[in-house]
Structure formats: structure tokens, C-alpha cells
Amino acid sequence: MKFIIPILVGGVIGYITNWLAIKMLFRPYYEKKFLGIHVPFTPGLIPKEKSRIAKSVGNTIGVYLLSPEVVTQAISSNKINNQIRSWIICNINRLKESDMTIKDFIMDFDNENYSKSLEILEKKITDFIYLQLKGESFKNGTMNLIEDRISHKPIEHFYEPMEKKVEKFMSNLSKSDEIRVEVKNTIDKKIYELSQDDRTLEEVIPSDVVNSINEYIDKNSEYIANSLRDLFESPSINMKIRESINKFVSQNVSRAITIFINSEMISNKIFDSIEKYIYNPENNKNIILIIKSLIDKLLESEISNIVLSISSNIDDENRWEISDVILERILNKENQGKVFSIVEEKIKFSESDIKEGIIDLISDNIDGILNSETLYNNIKSIIHDSLKKFVEKPISYMLESVEETTVEKIINFSKVIFEKFIKNKLPDIIESFNISKVVEDEINKFDVAFAEEIILEIASKELKAITWLGALLGGIMGILSPILQLI
């Protein structure tokens with residue numbers, strides 16, 4: 001008993017003191033007073049030093065455990081890179097097999113703001129393009145390009161396309177019923193206007209023209225007389241002259257005469273006399289004189305009478321035929337070629353002026369075009385339609401042509417972006433978080449009872465071992481006392 005009792009007493013004391021010491025780490029939670037006097041060791045060590053402990057733990061975690069360098073190094077590991085690679089490949093393969101459109105894909109992230117986000121994106125792209133087009137650099141670059149192209153291109157490049165387009169236009173025009181009707185109406189209108197004109201031909205035709213005609217007749221009298229003889233030999237003309245003479249004789253010769261000489265014989269005699277007269281070279285001057293007299297007589301005629309006489313013999317069908325002839329003459333390729341040859345010569349002669357005029361015209365109008373609301377609305381319309389078509393396309397349609405090399409490029413690009421982010425941005429982000437302060441604030445928010453529960457749950461086995469270690473040490477100290485007394 002002399003040795004057992006000291007051992008038991010020492011063990012109990014050691015156990016109780018260690019147990020009490022552990023409890024005093026947390027308890028009491030708040031300061032205790034007796035008769036207004038502070039009770040020592042209250043509150044417990046951890047509640048009393050909570051702020052200092054929180055700051056110390058925060059600094060330890062922020063500076064040593066979760067420092068920017070440690071976090072950056074941990075995220076930059078090969079494991080993370082492999083996870084990024086697997087994630088990209090998995091998602092690309094999944095999207096290749098999906099019928100989801102880009103619109104559906106975006107709406108999965110933000111369904112409520114999809115329309116508004118698309119409108120904002122559309123406006124941003126439109127504004128960006130419009131501002132770029134309005135900029136001086138774009139305008140100057142455009143004008144330099146235009147001047148360079150116009151200055152170095154032969155003038156043929158300008159009128160050749162024009163010639164083809166006009167040729168096509170003229171071809172279509174020749175087949176148009178509207179232009180045919182218009183020409184015919186113009187002819188009718190002109191005939192009507194001339195039928196109301198009381199002037200003589202002499203008043204209308206310039207005297208220079210009349211004098212030129214007379215001079216031509218004098219100089220070519222023999223040729224004109226021979227041409228008249230050739231005309232007289234024509235069977236159709238010959239027949240018409242005979243018919244005219246017969247008609248004249250029948251209407252003007254007395255019946256008493258025709259009893260003895262029939263009208264046909266008289267007509268033949270008259271025709272033979274005219275024929276002899278015409279074919280007699282000595283009568284060339286008389287023939288020319290007759291032609292001039294006829295011209296003078298014609299010049300004295302009123303335009304209205306001439307037109308009425310002619311138009312009375314031209315029916316509606318004849319006028320349509322005249323319209324067709326006019327159109328054919330105007331629109332045939334031969335005449336078009338002549339017109340374009342004249343135009344071509346004029347263009348070549350004025351090449352420098354034409355090019356300078358084109359450049360000046362564009363320069364004068366480019367500011368108005370680039371700053372116009374119409375241009376902005378056109379850009380907006382194009383962007384709107386393009387975005388609408390883009391978001392309606394299936395993601396699989398866009399990814400079906402993606403090959404393994406492209407996927408590898410995407411992975412490498414993502415790694416580069418991720419590494420640059422980790423290297424350049426992540427340390428600043430971690431520092432801006434101020435992990436030490438966050439941990440300190442969170443610990444200070446902990447209830448002491450909750451902190452005690454956490455610590456005891458984590459280290460309950462170790463704390464029990466410390467308590468029993470106290471009992472063991474107390475027992476050892478208890479056995480030493482009787483041993484020392486025996487000595």
C-alpha cells in the first residue's frame with residue numbers, strides 16, 4: 001500500500017491536471033468576474049487569444065500555404081495540363097455529336113439575357129465597323145487605291161464594260177414592244193404637226209442647201225440625164241408612165257377624135273415622143289431645166305399639203321413598217337459600232353480629263369457616303385442577318401471539319417492562354433484576395449464552441465493520449481516519492 005497509493009494519487013492528479021489544462025484552452029468562453037474582480041485564466045486561452053491566433057493562422061496560410069507562388073506552381077502542374085487537354089477533347093467530341101445550335105449553346109448559359117446580349121453584340125460590331133470606315137485612314141487608303149487603279153488602268157477598261165452593257169441594252173430595246181409603240185406614236189405626232197404647218201419648203205430648207213442642190217445638178221447634168229434614161233427603161237416605171245398617159249388621154253381627148261384615132265394609139269405616140277426627147281443628148285440642158293423647175297415648184301409648196309398628200313397614201317400598217325425600219329437602222333450592230341467608234345475616240349482623246357473627273361467625283365462624294373445613316377443601317381442589317389444565320393447553325397456543322405491537328409492547336413492555344421493567365425494575372429488576383437485577411441476574418445467569425453468542437457473532433461485521439469500521458473507521468477512521480485524516502 002505504501003507504493004500503490006502514491007502511484008494512484010499521482011496518476012489521478014496527472015490525469016486531472018492535463019484534462020483541466022486541455023479544457024482551459026477553450027473554457028470558459030468569456031471572461032468571469034467575482035465581486036467585480038477578474039477571475040484569473042478566464043476566458044480560456046483560445047478565446048482570449050482568438051484574434052492573435054486568427055491573424056497568425058491567416059498569415060501562415062496566406063504567406064506559406066496559399067501564397068501566389070504556391071498556387072501558381074500547383075495550377076501549372078502537368079496534372080492540370082492533362083485535365084485541360086481531356087476536358088477540351090471530351091467537349092469537342094460531345095459537341096460534334098450534338099444537334100445543339102450555337103443559339104441553344106449560348107442560351108444554356110444565359111437564357112434570360114440572350115436577346116439583349118445579341119443586340120448589344122450586334123451594335124458593338126456595327127459601331128466598330130462603321131467607325132473604322134469613317135476614319136481618315138480608311139478614307140485615305142480607299143482614295144489612294146482608287147487613284148492607283150484608275151491611273152494605271154487603260155481607258156479601255158472603262159468603256160469596254162460600258163459598250164457591252166449598252167449593246168445588251170440596245171438588244172433588249174430592239175425587242176421591246178414599248179419602244180416600237182413609242183417610235184410609231186412619235187411618227188404620228190410628227191406627221192400631225194407637219195400637217196398643220198403652213199410654211200413652204202423654201203422657208204424651212206436653208207438657202208445654202210438649195211444652192212448646193214442646184215450646183216450639184218449643174219455639175220452632174222449628164223449623169224443625172226443618163227440616170228433618168230436608165231430609170232425610164234425600168235419595166236415597172238415604163239408601165240406606170242404608159243398607164244398615166246393612157247389615163248390622161250382618156251380623160252382629156254375628145255370622143256370625136258377617138259372615133260378616128262383610138263386613145264391607145266395616141267398614148268403610144270406621146271410615149272414615143274417623150275422617149276425620143278429624153279434619149280436625145282441635145283436635150284440634156286432642157287431635162288436639167290425641167291428638174292430645176294420641178295424643184296422650184298416643190299419648194300413653193302406648203303409643208304402641210306405635201307404631208308397630207310403623202311400621209312393619205314400611208315395607212316397605219318405602213319407607219320408600223322416605217323417604225324420597224326427606223327428601229328432597225330438605229331439599233332443594228334453596224335450603226336452601234338460606228339457610234340461606239342466615235343465614243344471611243346472621244347474617250348481616248350479626253351482620257352486624262354475623264355480619269356481626273358472620276359477621281360474628283362468619288363472624292364467629293366465619299367465623305368457623304370461614309371458618314372451617311374444609310375451606310376450605318378446597311379452595315380447593321382448585314383451584321384444582323386449574319387449573326388442570325390451564324391447562331392442558327394448547329395455546332396456539329398461547324399466542328400465536323402475539325403481535324404486532330406486543329407484540336408491539338410486548340411489545346412496548345414488554350415494552354416498558352418492558361419499559362420499566360422497564371423503567370424501574369426493569377427498572382428495579382430491572389431494578392432488582391434488577401435488570403436491572410438480572409439482567413440483571419442473567417443476565424444474571428446467562428447463561435448468558440450464551434451472551434452472547440454472542430455478541434456476536438458480532429459484531435460480527440462491525440463488529446464486523450466495527452467490526458468492519459470499526464471496520468472502516467474503522475475503515477476511515475478508518485479512512485480518516486482516513497483523510493484526517495486527509503487534512500
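Here are the numbers:
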| quantity | calculated |
| --- | --- |
| Some residue of the range 419-434 being touching a residue at least 12 places away in the same chain (Cβ under 8 Å), of a type outside the set (A, V, I, L, M, F, W, C) and touching a Gly at 6+ places or on another chain (Cβ under 8 Å) | yes |
| Members of the range 217-228 that are surrounded by 13 or more Cβ atoms within 10 Å (Cβ to Cβ) and either in contact (Cβ under 8 Å) with a residue 12 or more places away in the chain or not in a helix (DSSP H, G or I) (or both) | Ile217, Asn220, Ser221, Ile224, Ala225, Leu228 |
| Test: residue in the range 243-262 that is modelled with pLDDT of 65 or more and in contact with a Lys or Arg (Cβ under 8 Å, 6 or more places away or on another chain) | no |
| Helices (runs of 4 or more DSSP H) wholly inside the range 359-473 containing at least 3 residues that are among the charged types (D, E, K, R) and farther than 30 Å from Arg52 by Cβ | 373-391, 404-420 |
| Search result, residues across the range 292-334 that are at pLDDT 80 or above and of a type in the set (Val, Ile, Thr) | Ile295 |
| Residue satisfying condition, being modelled with pLDDT of 75 or more, of a type in the set (A, V, I, L, M) and farther than 16 Å from Leu370 by Cα, within set Met143, Met100, Met170, Met162 | Met100 |
| Among (1) open to solvent by 50 Å² or more (accessible area, probe 1.4 Å); (2) part of a helix (DSSP H, G or I) - the single one Ile92 does not satisfy | (1) |
| Selection status of Leu45, open to solvent by 80 Å² or more (accessible area, probe 1.4 Å), closer than 30 Å to Gly475 by Cα and assigned by the TED database to the domain that holds Phe418 | yes |
| Evaluation of Lys103 against (1) under 21 Å from Ile382 (Cα atoms); (2) open to solvent by 80 Å² or more (accessible area, probe 1.4 Å) (one fails), failing number | (2) |
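The values are calculated or read from the model by the stated rules, or taken from the named source; none is laboratory data. Nothing here was measured: the structure is a model prediction, and the numbers come from that model. Glycine gets a Cβ as well: all are built from the backbone with ideal geometry, and neighbour counts include every protein chain shown. To get the accessible areas, we keep the full protein, side chains included, count just its heavy atoms, and leave off ligands, DNA and RNA. Shrake-Rupley method; radii C 1.70, N 1.55, O 1.52, S 1.80 Å.
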